[in-house]
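**Q** Handing you a structure now.
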Amino acid sequence: MPRVHITDVYLRDGLQDEKCIVPTEDKLAVLDATLASGITSLEIASFVSATRVPQMADAEDVIARAPRRSETRYSALTLNSRGVHRAAETDIDVIQIVTSASEGHSRANAGRSPDDALRDLSSAVALHPDRTFIGGVSTAFVCPFDGVITPERLVEVCERMADTGVSSLGLADTLGIATTDQVLTGVDAVRTALPQLTISLHLHNAHDQALETAVRAVFDLEVEYFDSALAGYGGCPFAPGAHGNLATEELVDTFHRAGIHTGIDTSALANAAALARTVVGRGRPLLTPTH
């Protein structure tokens, strides 16, 4: 029976696009509920501008108060050297550095080209040799500004990301509209070019194709690592048309029905997803600027 490992990203990717602020206490309650399901890998914060993404303003507090267990692995996302240095001052287990495969999304999301972003990130990573870094590539298959990303372009960006010294690489279908064949072709190209790196998939779900894509990735390419978010929350505020993440509970159920082992308790996971919906429902609405 194939086995996969799931990282739940609700506390970061799931909340960053919601039009509300979820209090730290509620985030920690969802974290506890998620751990109770057997999930041990969670992305719990990002070190980004609190002005642009106020939902992540409590990153340091969440990390400081997250329960520590021997089997858990917490990660946080960064887009630039400032974020890397902030993350390195905390007890976060893994720091994820992220760039875009496309020029258009990179400028919208990070305010600069992928080349400039990677140069900045690489210099910051080099200053923290004692920390564990993983890489992420947004709009790996389709970009809302630049269209379809060719496998050749994806490999080019991934090779530059690999040069920073990351131990693994996540490929994100940020819009959630890439076809299964597009995703599998891209993954295969990156794996062929960079066989030393572990590849993970971060799939959003616009046309209900992402579950099929995940199962095909396991059986066709032996991909073992996936991201998803409780209740399907998420999206990128700087990628027009981006859809929500794969719901963790749906992904786990699909894997189980396909004979793929996850080690996750579906009943406890359903409780965590219900709590995730509840805390968003009672979150403090973001203020809308008046003109």
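Readers should treat all values here as calculations from the given coordinates under stated rules, not as data from a laboratory. Because the structure is predicted, anything quoted here is derived from the model rather than measured. With ideal geometry, Cβ positions are generated from the backbone for all residues, glycine too; neighbour counts draw on all protein chains shown.
**Q** Indicate the gyration tensor shape class of the stretch 121-181 (rounded, prolate or oblate), computed on the Cα atoms with a ≥ b ≥ c the square roots of the eigenvalues: a/c under 1.5 is rounded; otherwise a/b larger than b/c is prolate and the rest oblate.
**A** Verdict is prolate for the stretch 121-181.
**Q** What is the spin-label model distance, in nm, from ASP61 to CYS20 if the labels are put 7 Å beyond Cα along the C-beta direction?
**A** Simple spin-label model gives 1.7 nm for this pair.
**Q** Estimate the FRET efficiency between HIS261 and LEU287 by the formula 1/(1 + (r/R0)^6), using the beta-carbon distance for r and 45 Å for R0, to the nearest 0.05.
**A** With a Förster radius of 45 Å, E is 0.50.
**Q** A follow-up question, please. Give me the distance between the Cα centres of the stretch 1-45 and the stretch 178-226, rounded to whole Å.
**A** The two parts, judged by their Cα centres, are 22 Å apart.
**Q** Which value at 222 nm does the chain reach when only helices count, each DSSP H run of 4 or more adding -39,500 (n - 2.57), with the total divided by all residues and rounded to the nearest 500 deg cm²/dmol?
**A** -12000 deg cm²/dmol
**Q** Normalised by the number of residues in the stretch 91-218, what is the relative contact order in percent for Cα pairs under 8 Å and 6+ residues apart?
**A** It rounds to 24 percent for the stretch 91-218.
**Q** OK, next. Can you tell me the FRET efficiency between SER113 and HIS85 if r is taken as the Cβ-Cβ distance and R0 is 22 Å, rounded to the nearest 0.05?
**A** Here the calculated transfer efficiency is 0.55.
**Q** Just check the stretch 70-126 against the gyration tensor rule for me: Cα atoms, a ≥ b ≥ c as the square roots of the eigenvalues, rounded for a/c under 1.5, and otherwise prolate or oblate depending on whether a/b exceeds b/c.
**A** It comes out prolate by the Cα gyration axes.
**Q** Still on this model: With the contact rule set at Cα under 8 Å and sequence spacing of 6 or more, what percent relative contact order holds for the chain?
**A** Normalised by residue count, the contact order of the chain is 24 percent.
**Q** Classify the chain: rounded, prolate or oblate, from the alpha-carbon gyration tensor (a ≥ b ≥ c, eigenvalue square roots; a/c under 1.5 rounded; otherwise prolate if a/b is larger than b/c)?
**A** It is rounded, given that a/c, with a ≥ b ≥ c, falls under 1.5.
**Q** Assign unit charges at the C-beta atoms only (+1 for Lys and Arg, -1 for Asp and Glu), then state the dipole size of the chain relative to its Cα centre in Debye, rounded to the nearest 20.
**A** Using only the charged Cβ atoms, the result is roughly 600 debye.
**Q** Would you work out which of HIS105, ALA162, CYS20 lies farthest towards the positive end of the dipole of the chain? Charges go on Cβ: Lys and Arg +1, Asp and Glu -1.
**A** CYS20
**Q** Could I have the simple spin-label model distance between THR179 and THR132, label points 7 Å from Cα toward Cβ, reported in nm to one decimal?
**A** 3.8
**Q** A follow-up question, please. What is the gain in length, in nm to one decimal, between ASP163 and THR198 on full extension, counting 0.36 nm per residue of separation less the C-alpha to C-alpha distance?
**A** Using 0.36 nm per residue and subtracting the Cα-Cα distance, I get 11.2 nm.
**Q** Less than 20 Å from a label point 7 Å out along the Cα-to-Cβ axis of PHE145: which backbone N atoms in the stretch 10-40 qualify, by residue?
**A** 17
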